[in-house]
Each structure stands twice: as C-alpha cells, then as structure tokens.
Amino acid sequence: MTEIVDKSVGIGDKIVENDPRTSETSAGGSVSRKRRNDDDPEDDRAFQYKKIDGEHARVVAKHYNTLEEKGLAERNKSRIFYLRNFNNWIKSMLVNEYATKVKETLQAGAPLRVLDIGCGKGGDLLKWQKGRISHLICTDIAEVSIEQCRARYDAMLARSRKFAPEFTAEFFACDSTRDRLRERFRDASMELNIVSCQFAFHYCFESLPQAECMIRNASECLKPGGFFIGTIPDANEIMRRQKLSDSHTFGNDVYSITFQCDTENPPLFGAKYHFHLEDVVDCPEFLVYFPMLVKLARKFGLELVMRERFCDFYQRMKPRGQQLLERMQALETYPPHRNGTANSSDPHDYSHAQEYLDRERSHRRVGTMSRSEWEATSLYMVFAFRKMKKIWNKEGQPEYIQ
Ligand SMILES: C[S@@+](CC[C@H](N)C(=O)[O-])C[C@H]1O[C@@H](n2cnc3c(N)ncnc32)[C@H](O)[C@@H]1O
C-alpha cells in the first residue's frame, strides 16, 4: 500500500521545534510571556488559541449551512441511499462498542457524558439515545446545522418522554479547530466519558495549530479511561487510488476527489483535495497522516486503541450487528425483489454480486452495495483513542500513563 511521503515536517521532536507557539513572530498570534509549564499540554497558559485566517472554515461552514435537509421520500430515491445507511450502521456499531466499554467501568447510576464535535444536523442523536447516555454536548461550525440539531433533539424528546429515558443536551456553534470548546460548556469543569467526531475530524489537518486545537478539545475534558472515537477518510487509501489513476482527479459517479496539492510529496498539514459526494459533500478537505495524528494525540494524553478500515470494521461487527444491518437497510438486495428496481442502472455496479450468486448456487439473493457506493464508503476508517492518566514525575513534569 502506498504511504504518504513524510517530508515537510519530521515526525517526533520536530513537531515541537516547528511548533509556532515557540516562535516569537508566529502568524496571527502574539507570544505569551506568562510563566507556564511548556511540557504540560493541558496547562491552560501553555496553549494559545490562534486566530488563523479562516478561508477554508468559511467555505466549509457555508457548504453545510446551505445543505438542504432532504425529506424521507427524497432520501429513499438517493443514489447513495445504501451508502448513507451503511455509514450510519458503522457509526451505530462504533457508538455501541465504546458506550458499552464505558458503562462496564461506571458505577451504577453514574452519568455518561458525551461531546459530539461536528455533530451536523443531529444524525447521531438516536444513537446516543440508544447508548443510554445522560448528557450530550453538540457543537458544529455551521450555525444552521446546530439549530436543526437542536430542533431534532426537541422533537425526539417530546416523542420519547413516555417510552425511553431521555438525556439532557446543550448546543453551540463553534470552530473546533480554533476555539476552546470547554469555555462554551454550560459547566466548564464537566468531565466527559466519550468524545465523538464523525466524518469531521479531517478538516483540522489544514494546519498544525488547528490539528492541535482540535485534539486538545477532544482530550482535555475526557476522564482517564474515556474514549475519543471517530470516522475519517483513510489517507493511505486515497493516495493509493490517486497513484492508480495517475491523475489529480479520480472517482466514480457518486464521489470524486480532486487534489489541490503536490501529490508526489503531500505536506503533513494542508494536503488539500476537493471532495464531492453526491448530494452531501462538496468542499475542501485535508489528508490526515495517521502516524502524525497518533503522535499529536499522545502529546495530549490520548493513546490509540483501535484503527480499522470500514471494510474490516464491518467484518468484525457483522455477527453482532446483523439485525441492525437489516433494520437500517444498510445493504441492497440483489437482484431486487419483484417490482423493485436496483439503486444503480449500470449492471456493472452489481457484477461482484452476480458472480457471488453464480458461485453460491444455494443463494437466490444477496445483500450487497453497488460498486460505486462501496468505492466511496471504503475510503473511510474508524478510530478510537483512550485517555491516559496524568501523573507528575520526580522532576515535577507531567507524564501520561495507561
Ligand atoms: C460530513 S458532516 C458530518 C456530520 C455528522 N457528524 C454526521 O456524521 O452526520 C461534517 C461536519 O463537520 C462540520 N465541521 C467542519 N469543520 C468544522 C470545524 N472546524 N469545527 C466544527 N465543525 C466542523 C461541518 O459543519 C459538518 O456538519
């Protein structure tokens, strides 16, 4: 598999050397002269929230603010109907896996608190309800999305009051790559059990300060043993396809990627490409070089515990998620039932399913996904980090331990 060439900034100590916080004349920010513990990333004074020019943030916020919320009928007709359901299934399984792990360590009656960064219009609210959490903090850069998320929560609450235990929630619009989230919480000292960032984390890899700000936001309120979970495009897979296509643009009829940076030596931050996904995404994104994410996360006390491509996560979760897979209509039945039509009109989109049926003669139908949708969803991966415990060593410096 092609790896991204690691050239512009060295991994490791150089992060600190090149860290704009240590420079006297860093762009857009003045140097703090207060005494501080530079070795402690959680020391408030050691971290500066920079006002960096927000060209991409504005573009991204505008895109999501103007994205029309489609009704059920429209969604049913969508070319990416199964892809969306499948992605939702992946998120459900991820939430379930880590909410369960957290609950195993909680004392009876202890609250389970969650922060959803880049929550969008609230597509995951039901997942949190099913996870039986007690409090949810929702934040997104797009104000319109946050208002829709709040309205969805209100409607859900009104519906569920009689049937299911409800959770409290708070909402605010904010750029998680530039602003400190905890200052916007109703209770700034609130401790969280899970931080979730679904299909949104990669926007922070525009620059090192933005990535650090996002990771700090994800880490600083987590209790030791709590989890930071998410879904992001897999940079290795994107680069592999780019090399195969031998072009700056590649994709199919549901997604396309157009590189806007040097593809021979993509930078560690700001490796920009334009991503288009039928009906839902049309904006600039950034490659997340995973070893760098792991390195930065560790600096903020987060230890990698799981990283899997969607296809591998699906295989692992299939046995326990089979019923949900069916209920969520995450796979398409091939060939369609009588009077039904295939989601794609191109027979080539189902040749893999036809070959399977030709081989497995005992099956008349199979649950599958059109090739184009699968090519889009298999670009992604899931991850989970665990918050480590902070101790102070003999030199009076903070250290994270497992
Ligand atoms: C593809 S959507 C995913 C929404 C939701 N998490 C989901 O899984 O359905 C990406 C979301 O990230 C949000 N986003 C992008 N950049 C952000 C930033 N800098 N701070 C906070 N949210 C951001 C967008 O507004 C959008 O709602």
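The values are calculated or read from the model by the stated rules, or taken from the named source; none is laboratory data. In this text, all values refer to a predicted model and were calculated from it rather than measured experimentally. Here Cβ is always computed from backbone atoms with ideal geometry, including for glycine, and neighbour counts include all displayed protein chains. Remember, those area values only see protein heavy atoms, side chains included, never the ligands or the DNA or RNA. Shrake-Rupley method; radii C 1.70, N 1.55, O 1.52, S 1.80 Å.
Within the group 365, 371, 320, 359, which residue is open to solvent by 10 Å² or more (accessible area, probe 1.4 Å) and in contact with a strand residue (DSSP E or B) (Cβ under 6 Å, 6 or more places away or on another chain)? Quick ask: steps written out before the conclusion?
Working: 371 fails: in contact with a strand residue (DSSP E or B) (Cβ under 6 Å, 6 or more places away or on another chain); 320 fails: in contact with a strand residue (DSSP E or B) (Cβ under 6 Å, 6 or more places away or on another chain); 359 fails: in contact with a strand residue (DSSP E or B) (Cβ under 6 Å, 6 or more places away or on another chain).
365 is the lone residue from the list that is open to solvent by 10 Å² or more (accessible area, probe 1.4 Å) and in contact with a strand residue (DSSP E or B) (Cβ under 6 Å, 6 or more places away or on another chain).
Of the residues making up region 321-346, those that are touching a residue at least 60 places away in the same chain (Cβ under 8 Å) and part of a helix (DSSP H, G or I) number 3.
Residue 248 meets the conditions (1) more than 16 Å from the ligand (Cβ to nearest atom); (2) under 22 Å from residue 196 (Cα atoms) in every case but one. The failed one is (2).
When you scan region 131-142, do you find a residue that is in contact (Cβ under 8 Å) with a residue 24 or more places away in the chain, open to solvent by 30 Å² or more (accessible area, probe 1.4 Å), part of a loop (DSSP other than H, G, I, E, B) and within 12 Å of the ligand (Cβ to nearest atom), even just one? Yes, there is a match, as at least one residue in region 131-142 is in contact (Cβ under 8 Å) with a residue 24 or more places away in the chain, open to solvent by 30 Å² or more (accessible area, probe 1.4 Å), part of a loop (DSSP other than H, G, I, E, B) and within 12 Å of the ligand (Cβ to nearest atom). Tallying residues that are assigned to a loop (DSSP other than H, G, I, E, B) and either among the hydrophobic types (A, V, I, L, M, F, W, C) or exposed (fewer than 15 other Cβ atoms within 10 Å of the Cβ) (or both) within region 167-202 yields 12. Within region 206-228, the residues that satisfy the criterion of being open to solvent by less than 20 Å² (accessible area, probe 1.4 Å), of a type outside the set (D, E, K, R) and closer than 25 Å to residue 285 by Cα are 210, 211, 213, 214, 215, 217, 218, 219, 227, 228.
The set of residues from region 96-121 being within 12 Å of the ligand (Cβ to nearest atom) and either out of contact with any strand residue (DSSP E or B) (no Cβ under 7 Å at 6 or more places or on another chain) or more than 26 Å from residue 143 (Cβ to Cβ) (or both) comprises just one member, 121. Residues that are of a type outside the set (Val, Ile, Thr) and modelled with pLDDT of 85 or more within region 68-88 comprise 78, 79, 81, 82, 83, 84, 85, 86, 87, 88, listed in sequence order. Among (1) outside any helix (DSSP H, G or I); (2) more than 9 Å from the ligand (Cβ to nearest atom); (3) touching a residue at least 12 places away in the same chain (Cβ under 8 Å); (4) surrounded by fewer than 24 Cβ atoms within 10 Å (Cβ to Cβ), where does residue 231 come up short? Status for residue 231: all satisfied but (2). Taken over region 240-278, the criterion of being surrounded by 17 or more Cβ atoms within 10 Å (Cβ to Cβ) and among the acidic types (Asp, Glu) is satisfied by 278 alone. Only a single criterion out of (1) touching a strand residue (DSSP E or B) at 6+ places or on another chain (Cβ under 9 Å); (2) away from the ligand (no atom under 13 Å from the Cβ); (3) more than 19 Å from residue 221 (Cα to Cα); (4) of a type outside the set (Gly, Ala, Ser) is not satisfied by residue 91, namely (2).
With the structure loaded, tell me whether residue 205 is more than 9 Å from the ligand (Cβ to nearest atom) and assigned to a helix (DSSP H, G or I) or whether it fails that test. So residue 205 passes the test. Is it true that residue 188 is away from the ligand (no atom under 15 Å from the Cβ) and over 15 Å from residue 135 (Cβ atoms)? Considered against the rule, which asks whether it is away from the ligand (no atom under 15 Å from the Cβ) and over 15 Å from residue 135 (Cβ atoms), residue 188 comes out as no. Taking region 347-402 as the range and being part of a strand (DSSP E or B) and among the β-branched types (Val, Ile, Thr) as the test, the residues that pass are 366, 368, 382, 391, 401. With respect to the conditions (1) away from the ligand (no atom under 12 Å from the Cβ); (2) open to solvent by less than 30 Å² (accessible area, probe 1.4 Å), residue 127 falls short on a single one, namely (1).
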